[in-house]
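Everything below concerns the one structure shown next.
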Amino acid sequence: MSAASPYDVVVIGGGVTGAGIARDLSLRGVSVLLLEKGDWGAGTSGASSWMIHGGPRYLEFDWDTTRMSTQDAGYIVTIARNLVSRVLFLIPVFPHDKNNIERMETAMEVYDRFQPLKHAHPHRRLTAAEARQAEPGLSPDILGAVTMEEWGVDPHRLVFANVEDAMAHGARALNHTRVTELIRDGGKVIGVRYRGSDGTTSEARARVVVNASGPWSPEVAAMAGVEVQLRPAKGIHLVYPHRISNFSISAESVDGRDLLMVAHAGFTLLGTTDDDFYGDLDSVDVVEDEVDYLIQGIERVFPSIRDYRPVRTTTGVRPTLFKWRHYEDELSRRYEVIDHSGKGADGFISIAGGKLSMYRLMAEETSDAVCRKLGHQARCTTSSRPLPGNEAEPEPATALAARCGIPALAAMKLLTRHGTNSEKVLDEGGTSRILCRCEPVTEGELIYAARHEQVRTLADAFRRVGIAAGPCAGAACILRASEVIGRELGWSATERFEAARDFVRGSWLGRAPVLGHAGWAQEELAQGALRGLMGSDDGAR
């Protein structure tokens, strides 16, 4: 075991909230160690709908959450401009809906009061003909529609941007590092023991330990002998590798819950379910019934949905605060900062609940609580301080593409991930060769990620730069990606094959629930191409 290292604060959990706390505290001059058992944003944050949104549905029972969400969304949009894009929704109204067009417009008029907080436009009311002209895929049965504007975001890049800025200001951040024990001195938590990816166990002493582990918060709290009560809720999304509609669309499932088909720049997300979850948080599977539930709900509004083929599913568990209620999706998305000093765990703080669009505010309030315990006086600056790559307005993608000799689409993707640092990323990588035609990632960006963005596996690269995120699902690029990363990390030829095989097998779990006839045909082609990799009698199962 390596010797203990002293820090002011250890933060457990590398989702968006934990990363935000590490950044906030580092900017205040506090020494921080951030620990994540998997990869940055690989849990609840990455399994979201990829939106910074205000949550108009909370207006019925939780105005404060809507207000705080929209206000903090405005701050996030300001500090992470290269990571966000406008997402315009159509909300169709059908005969016999519980909310007719007049009630829907009234609700949107209320929501319009909050829209300026997040720099979004007010709603518009559309006739049925206007709605179908804007979105020809809508059902002919609609009576009309209203519009609503939100913001889309890449949560994986948002998380890493916070990690990156925390490290730039002195924090130490370790992914693939699991906390195995909290070190206690009587009724005080004084540090952590953790195991790295190489199996080495280390200790870190700290004046305060922060539990920001999302749905794993009760498990981490139990190490300190205290309790955090959650009502974990499982949510899944279907991922289509291209836009299938002009606009994002809001719909209603068979049991009345809200569904969203979110049209992002180069793909579409359909979700989400919202069900109580009592299983293993490290093994959350998608079942075919959940897929059918989502498709049935959106089909009423967008009848041609079955003509499009999703390439995979995502799944995550929300750390919702515990409360008895009929339906999971009616639970508040409020959060709570818990100081466990009065429960026999002095020096231990948990942050529980909340949502992606309030992560910065959650991090601020948690950091305020930490600083009070440290006796450290420094104000929060994260609402106005740009994240890396957002210090200035980035140049047009066409200009970057022409200068660097890459396709315009590759340049646009690069800018949305790195902003003003895009050319530096390509220069560092030393090559502008495209890794895969269907998802224009350059080898140079992948090299940069391996050198500077803590990419240790191909799954990390999927989150950091989007390899294997396109229609080929990795069939055309995963071996090449393994070669590029393996060269940077010193993998042997065997290790490169094993890394690709592990990625293919891991991604299979997300693809299997959505493979129809055409999907199985593509899967056979992919498996044939990878037969040497997978082994003649050891295919993905």
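Six or more apart or on different chains, Cβ atoms under 8 Å: show the pairs whose first residue is in region 225-247 and more than 24 Å from Val311 (Cα to Cα) and whose second is surrounded by fewer than 20 Cβ atoms within 10 Å (Cβ to Cβ) and small (Gly, Ala, Ser).
Sorted first by the residue in region 225-247, then by its partner, the pairs are Gly225/Gly344; Val226/Gly344.
Please go through region 380-425 and pick out each residue that is among the charged types (D, E, K, R), under 24 Å from Val163 (Cα atoms) and exposed (fewer than 15 other Cβ atoms within 10 Å of the Cβ).
Once the filter is applied, which keeps residues that are among the charged types (D, E, K, R), under 24 Å from Val163 (Cα atoms) and exposed (fewer than 15 other Cβ atoms within 10 Å of the Cβ), region 380-425 yields Glu391, Glu393, Lys424.
Pick from region 426-471 the residues that are touching a residue at least 40 places away in the same chain (Cβ under 8 Å) and on the phi > 0 side of the Ramachandran plot: which of them is surrounded by the most Cβ atoms within 10 Å (Cβ to Cβ)?
The selected residue is Gly466.
Inspect all residues belonging to region 70-77 and state whether any of them is in a helix (DSSP H, G or I), hydroxyl-bearing (Ser, Thr, Tyr), over 30 Å from Ser202 (Cα atoms) and open to solvent by 10 Å² or more (accessible area, probe 1.4 Å).
Yes, region 70-77 contains at least one residue that is in a helix (DSSP H, G or I), hydroxyl-bearing (Ser, Thr, Tyr), over 30 Å from Ser202 (Cα atoms) and open to solvent by 10 Å² or more (accessible area, probe 1.4 Å).
Checking Lys98 against (1) of a type outside the set (A, V, I, L, M, F, W, C); (2) surrounded by fewer than 21 Cβ atoms within 10 Å (Cβ to Cβ); (3) in contact (Cβ under 8 Å) with a residue 40 or more places away in the chain; (4) under 20 Å from Ser248 (Cα atoms): exactly one of these is not met. Which one?
It fails just one condition, (4).
Take Ile12 and tell me if it is among the β-branched types (Val, Ile, Thr), open to solvent by less than 20 Å² (accessible area, probe 1.4 Å) and in contact with a Phe, Trp or Tyr (Cβ under 9 Å, 6 or more places away or on another chain).
Spelling it out, Ile12 is indeed among the β-branched types (Val, Ile, Thr), open to solvent by less than 20 Å² (accessible area, probe 1.4 Å) and in contact with a Phe, Trp or Tyr (Cβ under 9 Å, 6 or more places away or on another chain).
Please tell me if Glu227 is part of a loop (DSSP other than H, G, I, E, B) and at pLDDT 95 or above.
Spelling it out, Glu227 is indeed part of a loop (DSSP other than H, G, I, E, B) and at pLDDT 95 or above.
Which residue pairs have Cβ atoms under 8 Å apart, sit 6 or more places apart or on different chains, and have a first residue in region 21-41 that is on the phi > 0 side of the Ramachandran plot and a second that is in a helix (DSSP H, G or I) and of a type outside the set (S, T, N, Q)?
Gly41/Val16; Gly41/Ala19; Gly41/Pro155; Gly41/His156; Gly41/Leu158; Gly41/Val159; Gly41/Phe160; Gly41/Arg463
Select from region 167-205 the residues that are open to solvent by 20 Å² or more (accessible area, probe 1.4 Å), β-branched (Val, Ile, Thr) and either modelled with pLDDT under 95 or assigned to a loop (DSSP other than H, G, I, E, B) (or both) and list them in ascending order.
Within region 167-205, just Thr200 meets the criteria.
Mind listing whichever residues of region 84-101 are farther than 24 Å from Pro136 by Cβ and at pLDDT 95 or above?
Across region 84-101, the qualifying residue is only Val84.
Could you figure out which of (1) over 17 Å from the mean Cα position of the chain (by Cα); (2) of a type in the set (Phe, Trp, Tyr); (3) not in a strand (DSSP E or B) isn't true of Trp40?
That leaves (1) as the condition not met.
Report, ordered by the first and then the second residue, all pairs with beta carbons closer than 8 Å, sequence separation of six or more or different chains, a first member in region 114-125 that is within 16 Å of Thr65 (Cβ to Cβ), and a second member that is in a helix (DSSP H, G or I) and open to solvent by 90 Å² or more (accessible area, probe 1.4 Å).
Filtered contacts from region 114-125: Phe114/Arg67; Leu117/Arg67.
Looking only at region 127-166, how many residues end up being in a helix (DSSP H, G or I) and either without any contact (Cβ under 8 Å) to a residue 60 or more places away in the chain or of a type in the set (Ser, Thr, Tyr) (or both)? Reasoning before the result, please.
The initial filter retains those residues of region 127-166 that are in a helix (DSSP H, G or I), namely 128-134, 155-166.
Add one more test, that the residue is either without any contact (Cβ under 8 Å) to a residue 60 or more places away in the chain or of a type in the set (Ser, Thr, Tyr) (or both), and what stays is 128-133.
Selection size over region 127-166: 6.
With Met362, Met358 as the choices, which residue is modelled with pLDDT under 95 and hydrophobic (A, V, I, L, M, F, W, C)? I'd like the intermediate steps shown before the answer.
Working: Met362 fails: modelled with pLDDT under 95.
Only one candidate qualifies: Met358.
Filter region 129-158 down to residues that are over 29 Å from the mean Cα position of the chain (by Cα), hydrophobic (A, V, I, L, M, F, W, C), open to solvent by less than 20 Å² (accessible area, probe 1.4 Å) and over 30 Å from Arg81 (Cα atoms), then give me how many there are.
1
Taking only region 78-93 into account, find how many residues are part of a helix (DSSP H, G or I) and of a type in the set (A, V, I, L, M, F, W, C).
Our first condition is that a residue be part of a helix (DSSP H, G or I); within region 78-93, this holds for 78-79, 81-83.
Now narrow it down to the ones that are of a type in the set (A, V, I, L, M, F, W, C): 79, 83.
Qualifying residue count for the region: 2.
More than 29 Å from Val239 (Cβ to Cβ) and not small (Gly, Ala, Ser): does that describe Glu102?
yes
Looking at region 273-290, I want the residues that are hydroxyl-bearing (Ser, Thr, Tyr) and have a partner that is part of a loop (DSSP other than H, G, I, E, B) with Cβ atoms under 6 Å, at least 6 apart or on another chain. Which pairs are those?
Listed by first residue and then by second, the contacts come to nothing, as the list is empty.
The values are calculated or read from the model by the stated rules, or taken from the named source; none is laboratory data. Quantities reported herein were computed from a predicted structural model and do not represent experimental measurements. Please note: Cβ atoms are built from the backbone with ideal geometry, for glycine as well, and neighbour counts cover all protein chains shown. Side chains included, ligands, DNA and RNA excluded: accessible areas come from the protein's heavy atoms. Shrake-Rupley method; radii C 1.70, N 1.55, O 1.52, S 1.80 Å.
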